[in-house]
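Below is one structure, written out as structure tokens, with a few remarks after it.
The values are calculated or read from the model by the stated rules, or taken from the named source; none is laboratory data. What you see is a predicted model, and the numbers here were worked out from it, not measured in a lab. Ideal geometry is used to build each Cβ from the backbone, glycine not excepted, and the neighbour counts take in all protein chains shown.
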Amino acid sequence: MRTLAPGLLLALFACETESNLARVPDIYGHGDGSIVGRVCDPERFVWLEGATVYTHVIDSTGELRDTRTTESDEDGSWALDDLADGTYTVYVQYGSTTVDMFDAKVFNGRETEVPQGSCSGSADVEVAVITGDFDDFDTVLKAAGVGGAHEVNGQVGAELLQFLENPDEMEAYDAIFFAGGHLEEGIFYSNDGSAAETVQLVLDNLKAYVDDGGIVFASDWSYDVIEETWPQQITFLGSGAPETAQIGEPELLKCDVNNGDLEDELGKATVNVDLDLDAWPVVDSVGDEAKVFLSGDATWRKGMETGKEENSPMLIEFEMGKGAVVFTPWRMSANIDDARLKVVRWIIGRELGE
């Protein structure tokens, strides 16, 4: 398998403002604070020299007072200095292309460092995305420093089957991402038995792909892919029949971190996960081979009946042969800000990294 050192475009999502321009108490915005970071070339995955980085200074009346500008040096590093406390929108431009734009907060006259990661190797990873109605893996992969994903339209049965029935085509990719909301009936299960042969071929191909070293990522409503292909690894609430586990209530769920490396990455033992869909699949338990990296007490509803599934697994990995499978009952694209982004980058880097 090829390796990934997760290259990151500049991003800082923790700060929100009512305006895209900073409003600072000092009309000229002078202060002891600063914003520093590095810029990565999203095409070549190298640190980018000569990018223009700037922010506007707006006074309390909304009038533009100054624009602070700098350039990235030979290793992509830059610094905007002499900033008063406040929230600033930072623009990163290279030639006529806007590479990035994000908000960063300066407080107590301190230096604010924009989170960064490695900027190499991402272009060497080949991934395929099965598109659907729910998760947006194009956005997720860009946030994780993975570019150039091959998209398979998961809502066109012929295109999806052409991909999943061809082991040679599947093996060309280091990982396959299944977004929720793609076609499943007649591909991953057959309610009336009419597509039993096709379903068995798809499931066998997926098993062989992972056994040979491939990685499968699935999220939210793609859980049927996991339940039908590896039924012993994850048990979902519901009857066990397809489409019966989507009973989770939307909530911002506080999860316990059950892995030391992930806890070190986050710098804390809990993280909030946004379960933003009206209904999502609730996990009951996992098999002996599975690792649970996050867990929380999930609320569910079936009609008028409600309940809570204590310590429900929220980030699961299990290894099969030379490969592995990762499942999240939450949409990754709804969790790429603040600490949640660190979780997404960590799990993608864990599977596709060194």
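Run down Glu169, Glu159, Glu197, Glu227 and say which single residue is surrounded by 23 or more Cβ atoms within 10 Å (Cβ to Cβ), free of Cβ contacts under 8 Å to residues at least 40 places away in the same chain and more than 21 Å from the chain's Cα centre (by Cα).
Values: Glu169 fails: surrounded by 23 or more Cβ atoms within 10 Å (Cβ to Cβ); Glu159 fails: surrounded by 23 or more Cβ atoms within 10 Å (Cβ to Cβ); Glu197 fails: surrounded by 23 or more Cβ atoms within 10 Å (Cβ to Cβ).
The conditions single out Glu227.
Okay, residues lined up against (1) surrounded by 15 or more Cβ atoms within 10 Å (Cβ to Cβ); (2) within 17 Å of Glu111 (Cβ to Cβ); (3) of a type in the set (Asp, Glu); (4) modelled with pLDDT of 90 or more:
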{"residue": "Leu8", "(1), (2), (3), (4)": "yes, no, no, no"}
{"residue": "Ala11", "(1), (2), (3), (4)": "yes, no, no, no"}
{"residue": "Ala14", "(1), (2), (3), (4)": "no, yes, no, no"}
{"residue": "Ala22", "(1), (2), (3), (4)": "yes, yes, no, no"}
{"residue": "Glu43", "(1), (2), (3), (4)": "no, no, yes, no"}
{"residue": "Leu48", "(1), (2), (3), (4)": "yes, no, no, no"}
{"residue": "Trp78", "(1), (2), (3), (4)": "yes, yes, no, yes"}
{"residue": "Asp81", "(1), (2), (3), (4)": "no, yes, yes, yes"}
{"residue": "Tyr91", "(1), (2), (3), (4)": "yes, no, no, yes"}
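Within segment 325-343, is there a residue that is within 21 Å of Ile234 (Cα to Cα), in the same structural domain as Met170 (by TED's automatic domain parsing) and surrounded by fewer than 22 Cβ atoms within 10 Å (Cβ to Cβ)?
No, segment 325-343 contains no residue that is within 21 Å of Ile234 (Cα to Cα), in the same structural domain as Met170 (by TED's automatic domain parsing) and surrounded by fewer than 22 Cβ atoms within 10 Å (Cβ to Cβ).
Give the residue, chosen from Thr244, Thr299, that is polar (S, T, N, Q) and part of a loop (DSSP other than H, G, I, E, B). So that I can check it myself, show each step before the final result.
Numbers: Thr299 fails: part of a loop (DSSP other than H, G, I, E, B).
Just one listed residue meets the conditions, Thr244.
From the residues in segment 244-301 that are acidic (Asp, Glu) and over 23 Å from Trp346 (Cα atoms), which one is surrounded by the most Cβ atoms within 10 Å (Cβ to Cβ)?
Once the filter is applied, the top-ranked residue is Glu249.
Do we find that Asp66 is modelled with pLDDT of 75 or more, buried (at least 18 other Cβ atoms within 10 Å of the Cβ) and among the acidic types (Asp, Glu) in this structure?
no
Being assigned by TED's automatic domain parsing to the domain that holds Asp133, within 24 Å of Ala245 (Cβ to Cβ) and surrounded by 21 or more Cβ atoms within 10 Å (Cβ to Cβ) narrows it down to one residue among Gly214, Gly154; which is it?
Of Gly214, Gly154, the one residue that is assigned by TED's automatic domain parsing to the domain that holds Asp133, within 24 Å of Ala245 (Cβ to Cβ) and surrounded by 21 or more Cβ atoms within 10 Å (Cβ to Cβ) is Gly154.
Return the residue satisfying two criteria in turn: it lies in segment 175-190 and is in contact with a strand residue (DSSP E or B) (Cβ under 9 Å, 6 or more places away or on another chain) and modelled with pLDDT of 95 or more, and of such residues it is surrounded by the most Cβ atoms within 10 Å (Cβ to Cβ).
The residue in question is Phe178.
Can you tell me which residue among Val273, Val292, Val343, Val325 is within 15 Å of the chain's Cα centre (by Cα), on the phi < 0 side of the Ramachandran plot and in a strand (DSSP E or B)?
Val273 is the lone residue from the list that is within 15 Å of the chain's Cα centre (by Cα), on the phi < 0 side of the Ramachandran plot and in a strand (DSSP E or B).
Against the condition under 14 Å from Leu237 (Cβ atoms), among the small types (Gly, Ala, Ser), at pLDDT 95 or above and buried (at least 21 other Cβ atoms within 10 Å of the Cβ), how does Ser312 come out, does it pass?
Details: under 14 Å from Leu237 (Cβ atoms): yes; among the small types (Gly, Ala, Ser): yes; at pLDDT 95 or above: yes; buried (at least 21 other Cβ atoms within 10 Å of the Cβ): yes.
Criteria met by Ser312.
So which residues in segment 279-304 are under 12 Å from Ile247 (Cβ atoms) and at pLDDT 95 or above, if there are any at all?
Ala279, Trp280, Pro281, Val282, Val283, Asp284, Ala298, Thr299, Trp300, Arg301
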